[in-house]
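The values are calculated or read from the model by the stated rules, or taken from the named source; none is laboratory data. In this text, all values refer to a predicted model and were calculated from it rather than measured experimentally. Cβ coordinates were reconstructed from backbone atoms using ideal geometry, including for glycine residues, and neighbour counts include every protein chain displayed.
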Amino acid sequence: MTAPHVTLGEVLPERAVQNRLTNPGTENCSLCASRESLKMEPLAVTLLPGEERVIDKDIMYICPFSGPVKGKVFITNYRLYFKSADADPSVTLNVPLGAIGRVEKMGGASSRGENSYGLDITCKDMRNLRFALKQEGHSRRDIFDILFRYAFPLSHGLLLFAYLSQEKYEENGWSVYKPMEEFRRQGLPTDKWRITFINDNYELCDTYPTILVVPFKATEEDLRKVSTFRSRGRIPVLSWIHRENQAVICRCSQPLVGMSGKRNKDDERYLEVIREANGTAKLTIYDARPSVNAVANKATGGGYEGDDTYQNAELVFLDIHNIHVMRESLKKLKDIVYPNVEESHWLSSLESTHWLEHIKLVLSGAIQVADKISGGNSVVVHCSDGWDRTAQLTSLAMLMLDSHYRTLRGFQVLLEKEWISFGHKFASRIGHGDKNHADQDRSPIFVQFIDCVWQMTKQFPTAFEFNERLLMTILDHLFSCRFGTFLYNCESARDTNEVRSKTVSLWSLVNSDSTSYLNPFYTPESSRVLYPVASMRHLELWVTYYIRWNPRIRQQQQSPVEQRYMELLALRDEYLKKLEELQLTDSSPNSSHLSNSSASNAASPTQHINHLHTPF
Amino acid sequence: MLSSLGSAGGKSAKPSFVSYVTPEEIKSEKEPSRKEKHPDLLPGEVVFCSASTVLKYTQDDLSQRGVFGVLLCTNFRVSFVSDEAPTEEMLFKNKLYGENDIPLSCVDNIYGDKRKLITGGLVKNKYPSKMIIHCKDLRVFQFSLSFSKEEDAKKIFQGIVHHCLEPKSLRCLFAFSYCENTSYPGSYSYCREHLVSSRSLGFLLFPVYFIVPKNVSDEDLTKYQGKGLPMWCWSHHSGCALFKTASIPLVQEDNVPQTYMEKMLTAVAHNHLYSVKTEDLSDTLPTVQDILLSYNRFKQFFLIDNTTEFWMSDMKWFSSLDNCGWLDIIRQCLQKAVEVVESLEKENTNVLIMEEGGSDLCCVVSSLVQLMLDPYYRTLLGFQSLVQKEWVAGGHAFLDRSNHLHLKDKVESPVFLLFLECVWQLQQQHGPAFQFSETYLTVLSDSIHVPVFTTFLFNNDGHRDSLLRAESPHTQRSPLNCPTVWDWSVQFDCKAQDLFTNPLYTEKPKQDTSVRKSYRPRHLRQLSLPSSAFKTPPKKGFFKDEADNLKKILGVKRLSRWMLSPSSDSPQTSSSVREFYEAWQTKPLDYHGLLLPCLDGPSIRVWMQRYLRWIHDVQILGGGPVAMLSKVSEILGEVQELQRQLDRHGCTLTSNHKGARPRAKTAAAVIAARSSVRLSSSFPFVTSRNWSFKPAIPTSLLQSLMVTGMAGNLADREDDGGPESLV
């Protein structure tokens, strides 16, 4: 298909859209078909290159806010699209199939009552959809089957849409993260830390990236020995180094201590080498788990570093709960916000979900890590396997410590590095294309992390170059399966499945339209460490994400503060221009000096003017 | 070993105000001469007693660190003067009292050793070694008296308790001696001429002038000491209006009040032209006692004695907040106001709100209704006149409700604060609609407890006039001139006052004259009526003109719905309010039009600036909304400067630019602040220059995390456990 390069939500002329929706294959009779379809509802969505229509059907959408709405549903290999026939205001749904977690039949052929026969769809993005169909003639069978097949392609031997997409972008998102470049930016290697290619073939650890930074003093042989004592071979490696005091954040998995309290001299020596690298008196080991869980892990061969065995280390438990607790917590949150926001005792209900409490624990853990590093002490962070809580802690601490990660590009690097390359199990946690909705491996760990980032941007509205829209976009495409970025569990799996060559990166989309993801209030402060306040007093529910489907929550495209700021910036530019014109005519030396100075310092914010005209 | 929780980081060193000299050393030293240790006294201020070598703790009392100085009690304040060199000037300095001063009326509670509540009248010869003072503006002071001379300590403690907690006469309030000693150019800052009717009716509860429907006869006015008399508040452009009244207690056998009430309602209905809705607020809204109880529980969350306690309470924060019910009271008041707005705006019926006394919740609701409907009241001047009209002239018993005099028989209740809370909710939801800033509201809420302003010292206009006249040092002719709270220069210099304006606010764009000529409905907030002479009844009834129009249009009399019991249809009301809100929400938001609050759970929030400003552990250094607003102010300043330059060039700007043209001088102060001080979420109340950049790390994380019940077995499970987790 040679469709123009388009993005989701962009509005194309109706005609073109309908051509494609009604006539995916045959081009020649498109004119008559489109004439017919013009009598149908006008559609305001365009298909993505590579997207193909599969089925459409007249259906009733049981909207939880405005009641049953008659309309037509279109299912493509990428999305479910619904448009109301005659409702005012019109109701549309545009759901990437990847966001669908579960499809169920509702009611039987003999069910009584209006709209009791249909489909019940549970989405991963905090909403549920119900559709009702006519009971006669098994009318839902085909649509159910198709939806089930295309929403869970991997369970049916089909490809994820990311492999079918033909999208082209100016920017290539796959070039955003280059590990060597990133390490060089951090000032690595140093005389204490070296870069190793020992994992080039994923032999040392199949869930780690190929390029690792380890202590200079540790030999390849040492690394192999240590890897036998760390769960899944995830040895302590460097994530980040403080430029001035050389303190480092290392990440790893739990040591395989077991019930018998095994020791491993190599592992002990290895941690000692990390400590010595910058002369830290005591190496702090942050175990993200609650201590009881760490103890319980001994039964399955895991455990924690005992301080009798690790002489110069102190162990701190951060009490962050596991993926199952987080999954249940978000489920409870959904219960109180969708479809309607709990009315009585909202705050108590919110508290009983514990969602913000978990956010608080994750944030305060990261604050402790960042604080230790600022004080010149190296830290090692781990949980059980070192790919969930550990990724949250290291990446949040890095966000606090290093202003580079607060830029649009830097944040992408942070995600690519700490989450994607270090093997956060996106495929298992999200369940891309998989029908097994009750899979116990699923958990919103990454959503929780993005929520933590959002809390930080709320507390420091001028410290981040990117805006809320970026965070929402990331979460939308975490599920959508349109981009390759969040597919698969680790780098080795991505290599096998040729993600980089066969799919498009989410950062291609973002960086080709970067202005709409920029925060106009951003004020770079390079050396500043950001400590958010991890108190319930300041944590708030991310209403614009979790409750965004509720029409009562006013979704402002732009906050009024932002809007006002943009207006003023535009006004200033206009005045500056006018003043310049005036000075050309009456060149009084005094005033020209004045405006020159203000014109020069105005240079940087002026760039933001563009946003004003960017459609949202 | 296992529970080596990260509590160490929490008690970080706080370098400011720390005296490293031990008390022993102090004692051996020569006593500093007491004479120099006075604060700058205000006119009419007299020192009652003082004690030196008092230790003022820094907020975290576990550190037992502090600074030595002199503690004084004057007829205006409790003041602590540090022995150390004064800290740098604060940007947002109050001219009447400093950061270590507590106006006597601002003292809320005093605690002694072991946090025992001290009550007035019970103080014997003893004095506690440690005294904690909770202030009504949420500050907390902790003083140790154990290093002072016993005699001094006893005197200062008893002095403070006596002057802060025990009953006193109004004459003792500082305002009187302050005003006698200042030549304050007195003037009322709102115009009384708008209001019509009469004084000498024999009851003081009413303002000098007020407006009643013209069918109310002069005899009716005096019948029940003004009770049941519908007083006009505001007229909608459709002609319907809002009235409030004090309800008449209904006596069973006696039918007279009933008939009187009906007569009044007929008057309000303007002979059945308009339907009337009555709302007895006491049926649906909490009582003043409920309000006090709830607020007392609420404020405790912010009166923090020590950090540990604070973090302990953090996990249960939301449910505690919920249980104290304060936010719910705010929601109820806003909801009631929306209901009234709906009646006026959508149904165009007259509304009469009533309650016993007619000057507490009636004031809250009527002022909120006017704020929502009329953009004028969202300006600085408009808000001021709203408070003057509805609260001061409307007879809200400020003196009793704030209980400055500590009299047992008065019902204390933070009703005015509740109103400000509601305004804050509206403001944080619709920022650009308000000309005044959050800081303005916070300062206004503090000023209630500064006993200098006549605005908040009296129960009603009559009370004020008679007292000020009586207290006048001159003959009967001119009453004592006291400043009103609206004269902000008494408290703040111009720079600080700049922070009262909201940089997001823009004036309504001026319309072209051609457009203006066409008929635009106007609300009536004031009436141009003969200003004096109560004998002359208002010939030109305020809805007369428009009523005539309406009569023509309608042709039919509407049925009045009298005495609808609000409780009977309350579920209906709430759903209709919801519909009303939703209908309003689908329209584009006009900041100069009708404004409705969202009442959903997540939308009603805690007024962070007011309540969290003094708590060190929750300051967001370099963050908070002010970080954004100051950037707006900065650009605003630049735009203004450019405008001035353009004006010098004689360039005329088109009218739509003038609309966006900001009001004068909002930016300067914030920019000045930015240059030297790091802003924090407590700006402008606390400047963060002295603070350590150590983060606050919550202590006691483990104990309070309750993952019980169903989640319990989940919590024990492995993340990617063996087969046992794959049920």
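Some notes on this structure:
- Hey, A:Thr353 free of Cβ contacts under 8 Å to residues at least 40 places away in the same chain, more than 8 Å from chain B (Cβ to nearest Cβ) and on the phi < 0 side of the Ramachandran plot or not: yes
Here is a yes/no grid of residues against (1) touching a strand residue (DSSP E or B) at 6+ places or on another chain (Cβ under 9 Å); (2) at negative phi; (3) buried (at least 21 other Cβ atoms within 10 Å of the Cβ); (4) assigned to a loop (DSSP other than H, G, I, E, B):
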residue: B:Tyr591; (1), (2), (3), (4): no, yes, no, yes
residue: B:Leu594; (1), (2), (3), (4): no, yes, no, yes
residue: B:Pro597; (1), (2), (3), (4): no, yes, yes, yes
residue: B:Pro602; (1), (2), (3), (4): no, yes, no, no
residue: B:Gly623; (1), (2), (3), (4): yes, yes, yes, yes
residue: B:Lys631; (1), (2), (3), (4): no, yes, yes, no
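- Among the residues making up region A:477-519, those that are more than 24 Å from A:Trp387 (Cα to Cα) and surrounded by fewer than 21 Cβ atoms within 10 Å (Cβ to Cβ) are A:Ser501, A:Lys502, A:Asn511, A:Ser512, A:Asp513, A:Ser514, A:Thr515, A:Ser516.
- For region B:633-651, a residue qualifies if it is on the phi > 0 side of the Ramachandran plot and either basic (Lys, Arg) or facing chain A (nearest Cβ under 7 Å) (or both), but none of them does.
- Any hit, region A:84-92, residues being within 27 Å of the chain's Cα centre (by Cα) and either assigned to a strand (DSSP E or B) or closer than 30 Å to A:Gln448 by Cα (or both): yes
- Checking A:Tyr169, A:Tyr208 one by one, the residue that is crowded, with 20+ Cβ neighbours inside 10 Å and either in a loop (DSSP other than H, G, I, E, B) or at pLDDT 95 or above (or both) is A:Tyr208 and no other.
- Any hit, region A:124-131, residues being crowded, with 20+ Cβ neighbours inside 10 Å, within 21 Å of A:Arg53 (Cα to Cα) and under 24 Å from the mean Cα position of the chain (by Cα): yes
- Figure legend. Inter-residue proximity from region B:595-618: first residues of a type in the set (Gly, Ala, Ser), second residues part of a helix (DSSP H, G or I) and surrounded by 22 or more Cβ atoms within 10 Å (Cβ to Cβ), beta-carbon distance below 6 Å, spacing 6+ or different chains. Indicated pairs: B:Gly601/A:Trp346.
- Helices (runs of 4 or more DSSP H) (entirely within region A:359-474) containing at least 1 residues that are within 9 Å of another protein chain (Cβ to nearest Cβ), over 21 Å from A:Asn489 (Cα atoms) and not hydroxyl-bearing (Ser, Thr, Tyr): A:389-401, A:445-459
- Entry remark, region A:172-191: residues being aliphatic (A, V, I, L, M) and at pLDDT 95 or above number 2 in total.
- Only one of the numbered conditions (1) farther than 16 Å from A:Gln459 by Cα; (2) at pLDDT 80 or above; (3) small (Gly, Ala, Ser) is violated by A:Ser559, and that is (1).
- Look at (1) modelled with pLDDT of 90 or more; (2) more than 8 Å from every other protein chain (Cβ to nearest Cβ); (3) within 27 Å of B:Asp446 (Cβ to Cβ) and you find that B:Ser630 fails only one, number (1).
- Set B:Phe318, B:Phe301: member being under 24 Å from B:His134 (Cβ atoms) and touching a residue at least 12 places away in the same chain (Cβ under 8 Å): B:Phe301
- In region B:306-325, the qualifying residues are those that are assigned to a loop (DSSP other than H, G, I, E, B) and surrounded by fewer than 20 Cβ atoms within 10 Å (Cβ to Cβ), and the one that is modelled with the lowest pLDDT is B:Asn306.
- Restricting attention to region B:577-627 and to residues that are within 25 Å of A:Tyr531 (Cα to Cα) and of a type in the set (Lys, Arg), the residue that is nearest to the other protein chains (Cβ to nearest Cβ) turns out to be B:Arg605.
- Subset of region B:102-161 that is small (Gly, Ala, Ser) and in contact with a strand residue (DSSP E or B) (Cβ under 8 Å, 6 or more places away or on another chain) - its residue that is surrounded by the fewest Cβ atoms within 10 Å (Cβ to Cβ): B:Ser129
- Tally, over region B:95-125, of residues that are assigned to a loop (DSSP other than H, G, I, E, B), without any contact (Cβ under 8 Å) to a residue 12 or more places away in the chain and more than 21 Å from the chain's Cα centre (by Cα): 2
For every residue, the table says whether it meets (1) closer than 17 Å to B:Glu634 by Cβ; (2) in a helix (DSSP H, G or I); (3) within 10 Å of chain B (Cβ to nearest Cβ).
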site: A:Pro532; (1), (2), (3): no, no, yes
site: A:Tyr545; (1), (2), (3): no, yes, no
site: A:Gln558; (1), (2), (3): no, no, no
site: A:Leu569; (1), (2), (3): yes, yes, yes
site: A:Glu581; (1), (2), (3): no, yes, yes
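- Residue count for region B:271-305, restricted to those that are of a type in the set (S, T, N, Q), surrounded by fewer than 17 Cβ atoms within 10 Å (Cβ to Cβ) and not in a helix (DSSP H, G or I): 2.
- With respect to (1) at the interface with another protein chain (Cβ under 10 Å from one of its Cβ atoms); (2) out of contact with any helix residue (DSSP H, G or I) (no Cβ under 6 Å at 6 or more places or on another chain); (3) of a type in the set (S, T, N, Q); (4) surrounded by fewer than 21 Cβ atoms within 10 Å (Cβ to Cβ), the lone exception for A:Ser527 is condition (1).
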